[in-house]
Every structure is written in structure tokens, then in C-alpha cells.
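The values are calculated or read from the model by the stated rules, or taken from the named source; none is laboratory data. All figures in this text were calculated on a predicted structure; none of them were measured in a lab. Note that we place each Cβ from the backbone using ideal geometry, even for glycine, and neighbour counts take in every protein chain shown. Ligands, DNA and RNA are stripped out before the accessible areas are found, and what is left, the full protein with its side chains, is counted by its heavy atoms. Shrake-Rupley method; radii C 1.70, N 1.55, O 1.52, S 1.80 Å.
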Amino acid sequence: MKYFFNFEKLGYCKNKKNDGCILCKIAAKDQSIESLIVYENEQFIVSLNLYPYNPAHCLIFPKRHVVDIRALQPEEVYTLHTLETMMISVLEVQYNPAGFNIGFNMGLAAGASIEHLHLHIIPRYPNEIGIAELLAGKRVLVQDLKQTQEQLIAACNEYCKCNKLV
Ligand SMILES: [Zn+2]
């Protein structure tokens, strides 16, 4: 049996995939996408989730299209951890949550609707399920995304100044 590989097509498929990747578009500052970025450095972006589970639900993702956590370089892992601790501290001060869910969903079966690797940081509150959510099956968000964004941009800048991060 013979196998045929069309490498040109392979490249095309890969490119097509990246062209359609919403996180790559955000990283490329695509004007057709509403920016919810609250912080960025050379390697990473911190953004609000467009469909938040709770107010101030943030995503941290590499600017380059990484799919598997094992593809991150050691210095990227260090930067990611720095940003993760920054966001926990910032969210703690700004929203006073009782806890956090922090993690990656890798693969469709795990609930990853976007293949580009992203770390969720979700502030959690006691008694957060309200009657409207139970009845409607929807979560009620108490703050406008743009307002949350402005608040977190300022808080991240302040945090970086105090901790001498750029
Ligand atoms: Zn991507």
C-alpha cells in the first residue's frame, strides 16, 4: 500500500488553522476583534474571557500559537507563573474572591473550545449561584466587561510598579 503526503497542503491547513485562531488574532491586534487585554509583555497576553464564568474571569496565553503545554520553553513557564501570581494578587485586591479556579483545558473532550493554549483564572465567591441562573440556566454578570477591563488595566500597572515588573 502506498501513502501519499501532500506537504504543501499540510502547510496550508496549518496556516489556515492559525489564521482562524482567535487568540492569534488578539495577539496580532486584529481590529475586527474587540480587545479585552488587561496586560501584555513580550511573550504573553492577559485578557478577560469574552464569555466569562464569573466577573473578572481572565485568560493568560502565549502570543505564539502553542497548543500543548509541553511546547512552552522554560523562560515562558517562568513568565507565565509570574503573570499567574500577579493576576491572583490583583484580583484578590480588586474583587476579594473567596477562591480561584486556575487551569488549562487541553483538547476538545476536556472543554477546550480554542486549541491555542490558555490558562483560565476564575475568581470564585461563596453562594455565587443565584435564582436567575438556576431558572434561566445562565450566569448573571454584575459588571460590564469594559469596566472590568479598565479596572484591571490600572490595577496591573500599579502592581507592576510596586513589584518592579515591566
Ligand atoms: Zn493561535
Give a residue-ordered list of calculated ³J(HN,Hα) values for the range 50-67 (Karplus: 6.51 cos²θ - 1.76 cosθ + 1.60, θ = phi - 60°; whole Hz; x for Gly, Pro). 4, 10, x, 6, 9, x, 6, 5, 10, 10, 10, 9, x, 5, 7, 6, 9, 9
Given a 1.4 Å probe, how much area per residue of the range 42-90 is accessible, in Å²? 46 Å²
Between ASN163 and ASN105, what is the spin-label point distance in nm, taking each point 7 Å from the Cα along the Cα→C-beta axis? 2.7 nm
The long-range amide H neighbours of PHE44, using H built 1.01 Å from N in the peptide plane and a cut-off of under 5 Å, are LYS63
In whole Hz, the Karplus estimates of ³J(HN,Hα) for the range 103-109 (6.51, -1.76, 1.60; θ = phi - 60°; x where Gly or Pro) are x, 9, 10, 10, x, 4, 5
What does the charge count near GLN94 come to, summing +1 for each Lys or Arg and -1 for each Asp or Glu among other residues with Cβ under 13 Å from its Cβ? -3
Within the range 70-88, list the residues whose amide N lies under 16 Å from a label point set 7 Å along Cα→Cβ of ALA112. 70-73, 77
